Amino acid sequence: MSTLTQLLIAIGGLAIGTFAFRVAGPLLGKNAKSPDGEGEPCAGAEGERRGLPPWLEALMSRGAVVLLIAVVASTALTEEQGFAGIARPAGVLVGGVLAWLKVPFIVVILAAAAVAAGLRLMGVA
Amino acid sequence: MRSLWRTLSRPILRNIALVCLADGVVGLSYGAIAVSKGFELWVPVVLAIAVLAGAAELLFVGIVASGGSVFAAMAAGLLVNARHLPFGVAVRDVIGSGWRRVLGSHVMNDESVVFALSQQQADKRKAAFWICGVGILICWPVGAFVGGLIGGSIGDTDVFGLDAMFPTVLLALVLPSLKDRRTRLAVIAGAVIAVATTPLLPAGMPVLLSLIGLIFTAGKNRGS
């Protein structure tokens with residue numbers, strides 16, 4: 001293991017870098033805002049939205065959906081660069097089908113966990 | 001905060017509470033794992049508060065514990081967290097200015113973003129984002145702290161199928177956004193790219209590469 005100082009610097013670097021990624025989007029909106037919107041205190045939805053052209057706004061919303069589903073697929077199917085096994089994706093698949101059938105959210109989530117746990121109980125990894 | 005509560009219906013508030021609770025339980029296992037790998041209790045807790053991104057924290061702890069350098073672990077964590085940049089553009093309308101921009105950016109994560117996207121009206125998007133984000137800001141570090149205190153006796157939460165809950169939460173909430181055919185194409189292409197490249201690339205890269213799927217939505221989007 002490394003020294004305490006190195007550990008602290010690395011944790012600080014991860015925290016600051018992550019915050020920079022997070023704050024970049026909201027700041028981008030501010031900088032791109034037209035000058036007449038500048039004086040607005042706590043600009044609401046409309047004020048902040050004025051910045052980017054609509055097509056880019058739509059593309060970014062789609063991008064967020066694409067990223068989220070990529071996170072779903074990766075966390076459901078893979079574990080540390082390998083296959084996650086049967087139980088987890090099976091649970092997620094059952095949950096996904098139930099959600100598509102408009103079953104209440106809480107049932108969807110608990111069913112996903114129950115299927116994965118049940119399969120493991122039966123010896124299916 | 002009080003007006004945010006009133007904006008959302010009870011079922012949505014209950015769903016957010018469920019997700020925060022589930023994150024808290026995963027936090028328990030994260031704290032326990034970190035301590036069992038030889039970290040002092042403050043490490044997972046400080047990471048949980050200051051980074052507030054579960055996947056990156058688990059990766060950081062895992063790399064350092066397996067003998068990797070802390071700076072390699074930092075770089076890996078940053079790569080995993082780079083997706084927050086496009087997230088920030090997508091949800092920037094729900095984040096105010098001043099201190100709200102600081103706190104709102106910090107509580108931006110997969111769950112708060114997906115809850116925001118699942119709402120149509122501007123005020124509900126905002127309320128869902130903030131309540132979920134602040135809820136996780138509380139539940140995740142508390143879970144990590146308690147888990148670290150209890151330590152090894154927690155065992156593997158995978159036994160309860162908790163690992164299947166997180167992807168299901170995101171999937172269930174994002175489903176309504178998939179009505180548009182071109183979005184569906186982009187999403188499927190992106191997911192295939194992400195999974196197919198996972199064995200080959202460092203953690204974080206595959207998810208970012210999923211954005212290539214957006215070319216399927218090009219058509220009417222000038223120059224993109």
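The values are calculated or read from the model by the stated rules, or taken from the named source; none is laboratory data. For clarity, every value in this text was computed on a predicted model and none was experimentally measured. Using ideal geometry, Cβ is built from the backbone for each residue, glycine included, and neighbour counts are taken over all protein chains shown. Each accessible area value is taken on the protein alone, full model and side chains, heavy atoms only, with ligands, DNA and RNA left out. Shrake-Rupley method; radii C 1.70, N 1.55, O 1.52, S 1.80 Å.
General remarks:
- Filter result for residue B:171 (within 21 Å of the chain's Cα centre (by Cα), crowded, with 21+ Cβ neighbours inside 10 Å and within 7 Å of another protein chain (Cβ to nearest Cβ)): yes
- The set of residues in region B:35-82 being touching a Phe, Trp or Tyr at 6+ places or on another chain (Cβ under 8 Å) and of a type outside the set (A, V, I, L, M) consists of B:44, B:54, B:57, B:77, B:81.
- Subset of region B:29-44 (residues that are away from chain A (no Cβ under 13 Å) and outside any loop (DSSP other than H, G, I, E, B)): B:29, B:30, B:31, B:32, B:33, B:35, B:36
- Taking region B:34-55 as the range and being modelled with pLDDT of 95 or more and β-branched (Val, Ile, Thr) as the test, the residues that pass are B:43, B:45, B:46, B:49, B:51.
- Under the condition of being at pLDDT below 90, open to solvent by 60 Å² or more (accessible area, probe 1.4 Å) and of a type in the set (A, V, I, L, M), the residues counted in region B:1-33 number 2.
- Residues in region A:71-106 that are open to solvent by 60 Å² or more (accessible area, probe 1.4 Å) and over 19 Å from residue B:157 (Cα atoms): 7 in all.
- Flag: residue B:42 matches the condition of being of a type outside the set (Ser, Thr, Tyr) and over 28 Å from residue A:112 (Cβ atoms).
- Scanning region B:144-168 for residues that are among the β-branched types (Val, Ile, Thr) and crowded, with 18+ Cβ neighbours inside 10 Å, we see that the one that is nearest to the other protein chains (Cβ to nearest Cβ) is B:168.
- The one condition from (1) at pLDDT 95 or above; (2) open to solvent by 20 Å² or more (accessible area, probe 1.4 Å) that residue B:141 does not meet is (2).
- Only listed residue being of a type outside the set (A, V, I, L, M) and either touching a helix residue (DSSP H, G or I) at 6+ places or on another chain (Cβ under 6 Å) or in a helix (DSSP H, G or I) (or both), chosen from B:96, B:190: B:190
- Residue match in region B:112-121 (condition: touching a Gly at 6+ places or on another chain (Cβ under 8 Å), in contact (Cβ under 8 Å) with a residue 12 or more places away in the chain, more than 8 Å from every other protein chain (Cβ to nearest Cβ) and open to solvent by less than 40 Å² (accessible area, probe 1.4 Å)): yes
- Verdict on residue B:21 being outside any helix (DSSP H, G or I) and under 24 Å from residue B:143 (Cβ atoms): no
- Residues of region B:90-103 that are facing chain A (nearest Cβ under 7 Å), of a type outside the set (D, E, K, R) and surrounded by 23 or more Cβ atoms within 10 Å (Cβ to Cβ): B:90, B:95.
- Members of region B:182-196 found to be open to solvent by less than 60 Å² (accessible area, probe 1.4 Å), modelled with pLDDT under 95 and more than 7 Å from every other protein chain (Cβ to nearest Cβ), listed by number: B:182
- Candidates in region B:197-215 are the residues that are of a type in the set (Val, Ile, Thr) and either touching a residue at least 40 places away in the same chain (Cβ under 8 Å) or open to solvent by less than 30 Å² (accessible area, probe 1.4 Å) (or both); of these, the one that is farthest from the other protein chains (Cβ to nearest Cβ) is B:197.
- Residue within region B:34-44 that is under 21 Å from residue B:136 (Cβ atoms) and surrounded by fewer than 22 Cβ atoms within 10 Å (Cβ to Cβ) present: yes
- Among the residues of region A:93-114, just one is facing chain B (nearest Cβ under 7 Å) and over 17 Å from residue B:15 (Cα atoms), namely A:114.
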